[in-house]
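Below you'll find the structure, written out as structure tokens, and then a few comments.
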Amino acid sequence: MEARPPGRARRPRADAARNRERLLEAAKRVFGRDDGAHSSLEAVAREAGVGIGTLYRHFPTRESLFEAVYRREVEQLVELAGQLAGGPDPVAALRRWLRANVEFVATKKGMAAALAIVMQGTTDLSAYTAERLTAAVGGLIDRAVAAGALRGDVGPEDLLRLLVSLCYGSSAPGWQHNVLRLLDVFVDGMRRDRA
């Protein structure tokens, strides 16, 4: 058997990688529900179709699961912005990206207490998030402004602040519907033909 060079980690087995991905997807669904904040890790394992031991092998603490879901969601939003940037309608691309963010915040709300613990004492995760999401939405805004479709006086930080304010302004069941409606109103207000 060939020895692995020192310092080089072994790649996870295919089934282990699939289980990890299933757990992250399941956690996103479970924590994104209205009662997600009170969901157990057993509920996540059940949703993923794996045993609790498998969950703990991948994520030894509740906080490590939350952080992994959070980072994965941020990366997916960045990737989505890149995919949408090539579409024919830059305003529709921006609107779709903002809508995807509402789902991200729904998941985050279910993990808020644990994420606060993860982020406590370090700004790495919040800085990472702000930098990645600001660049992603900034590219979409720039493209729409360059196409003459949107006004140029609203920057990415403004839009992200608005999004966070709308999402965290209500915790009533069904809050997402109202946020999506208000985001549509705001994006329509940014259109150059309505300025």
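None of the figures in this text is laboratory data; all of them are computed from the coordinates on show. This is a predicted model, so every value here is computed, not measured. Cβ coordinates were reconstructed from backbone atoms using ideal geometry, including for glycine residues, and neighbour counts include every protein chain displayed.
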* Structure fact -> The FRET efficiency for ASN178 and ARG71, from their Cβ-Cβ distance with R0 = 30 Å and rounded to 0.05, is 0.60
* Whole-Hz Karplus ³J(HN,Hα) for the stretch 144-152, in order, using 6.51 cos²θ - 1.76 cosθ + 1.60 and θ = phi - 60°, x for Gly and Pro? -> 5, 5, 4, 7, x, 8, 10, 5, x
